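**Q** Here you go, one structure.
The values are calculated or read from the model by the stated rules, or taken from the named source; none is laboratory data. Because the structure is a prediction, the values reported are computed rather than measured. Backbone-built Cβ (ideal geometry, glycine too); neighbour counts: all protein chains shown. Only protein heavy atoms, including side chains, enter the accessible area calculation; ligands, DNA and RNA are left aside. Shrake-Rupley method; radii C 1.70, N 1.55, O 1.52, S 1.80 Å.
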Amino acid sequence: MTQSQWIDSSKRKHRKWVYGVTAGICLWLALGLTHARADDIRVLFLGDSLTAGLGVEKDQAYPALVGERLKQQGHTDVKIINGGISGATTAGAVSRLKWHLAAPPNVLVLALGANDGLRGLSLENMAKNLDDTIALALENQMCVILAGMEIPPNYGPDYTRQFRETFRDLAEKHQIRLIPFLLDQVGGEATMNQADGVHPNAAGHQQIARTVLPYILECL
């Protein structure tokens, strides 16, 4: 073997060693990061535009604000998942939750139903959709928090009352936590909403976060 061949061979061996060490370090880091993620407490907010934060920045939406408040209180192992989709009804709730079962949440905040009520959809179907979603979550050992909603009396007092009572009845049936009204001190307050009078502004989301936080803490 000539000197140049020996040098080339040495270089190749060195490169293989470097690549091997680098790959090992990357694998070790990946395993470490995966382990850290596995240890996280995953909180899924399954909702509509109110949860998605329509009209405000992503970090101004109430799920993100809840996450910030949790970290301030020392809960640094909590991962917030904002599963809000604007315009969503309860019809897709079960399929959406199934999608998240690939990495199952520990806590589910179920904040759907507002669009069902505003569109005058069947309350029986809404109740069944929420019921099935809650049952699926409980089957997967999630701590479930149901966010109650209220609607204007556009479809008559009976519809409005039945809509409101649906959330209470489901919470009682499944013995889960109920937020009586997600938009408490926000709904109907001009200073807490955007120009459409429906979607909370940044201040409104701050108030929702204050409303939701104690229920999250009960699940941790």
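**Q** Quick check on segment 64-81. Is at least one of its residues acidic (D, E), buried (at least 18 other Cβ atoms within 10 Å of the Cβ) and modelled with pLDDT of 95 or more? So that I can check it myself, show each step before the final result.
**A** Let us first name the residues in segment 64-81 that are acidic (D, E), namely 68, 77.
Remaining after also requiring buried (at least 18 other Cβ atoms within 10 Å of the Cβ): none.
Scanning segment 64-81, I find no residue that is acidic (D, E), buried (at least 18 other Cβ atoms within 10 Å of the Cβ) and modelled with pLDDT of 95 or more, so the answer is no.
**Q** I would also like to ask the following. Looking at (1) in contact with a strand residue (DSSP E or B) (Cβ under 8 Å, 6 or more places away or on another chain); (2) over 19 Å from D48 (Cβ atoms), which is the only condition Q175 fails?
**A** (1)
**Q** Suppose we keep only residues that are of a type in the set (S, T, N, Q) and more than 16 Å from D48 (Cα to Cα) within segment 105-147. Which one would you say is surrounded by the most Cβ atoms within 10 Å (Cβ to Cβ)?
**A** Restricting to residues being of a type in the set (S, T, N, Q) and more than 16 Å from D48 (Cα to Cα), the top hit is N106.
**Q** Can you tell me which residues in segment 171-186 are surrounded by fewer than 22 Cβ atoms within 10 Å (Cβ to Cβ) and not acidic (D, E)?
**A** Start the filter on segment 171-186 by keeping residues that are surrounded by fewer than 22 Cβ atoms within 10 Å (Cβ to Cβ), which leaves 171-178, 180-181, 184-185.
A171, K173, H174, Q175, I176, R177, L178, P180, F181, Q185, listed by residue number.
**Q** Considering only residues of segment 148-160 that are in contact with a Pro (Cβ under 9 Å, 6 or more places away or on another chain) and not in a loop (DSSP other than H, G, I, E, B), which is least open to solvent (accessible area, probe 1.4 Å)?
**A** T160
**Q** Search segment 43-72 for residues that are in a helix (DSSP H, G or I) and pair each with any residue that is surrounded by fewer than 17 Cβ atoms within 10 Å (Cβ to Cβ) and polar (S, T, N, Q) when their beta-carbon atoms are under 6 Å apart and the residues are at least 6 apart or on different chains.
**A** If the second residue must be surrounded by fewer than 17 Cβ atoms within 10 Å (Cβ to Cβ) and polar (S, T, N, Q), the pairs left are S49/S86; A52/S86.
**Q** Would you confirm whether any residue within segment 191-204 is assigned to a loop (DSSP other than H, G, I, E, B), touching a Leu at 6+ places or on another chain (Cβ under 9 Å), over 18 Å from A114 (Cβ atoms) and in contact (Cβ under 8 Å) with a residue 40 or more places away in the chain?
**A** No; the residues of segment 191-204 include none that is assigned to a loop (DSSP other than H, G, I, E, B), touching a Leu at 6+ places or on another chain (Cβ under 9 Å), over 18 Å from A114 (Cβ atoms) and in contact (Cβ under 8 Å) with a residue 40 or more places away in the chain.
**Q** Are any of the residues in segment 120-137 assigned to a helix (DSSP H, G or I), under 25 Å from L220 (Cβ atoms) and not aliphatic (A, V, I, L, M)?
**A** yes
**Q** Give the number of residues within segment 94-113 that are within 18 Å of V78 (Cβ to Cβ) and not aliphatic (A, V, I, L, M).
**A** Matching residues across segment 94-113 total 4.
**Q** Here is a further query. Filter segment 82-98 down to the residues that are under 13 Å from N140 (Cβ atoms) and either outside any helix (DSSP H, G or I) or open to solvent by 60 Å² or more (accessible area, probe 1.4 Å) (or both) and list them by number.
**A** Let us first name the residues in segment 82-98 that are under 13 Å from N140 (Cβ atoms), namely 94, 97-98.
K98, the sole residue that qualifies.
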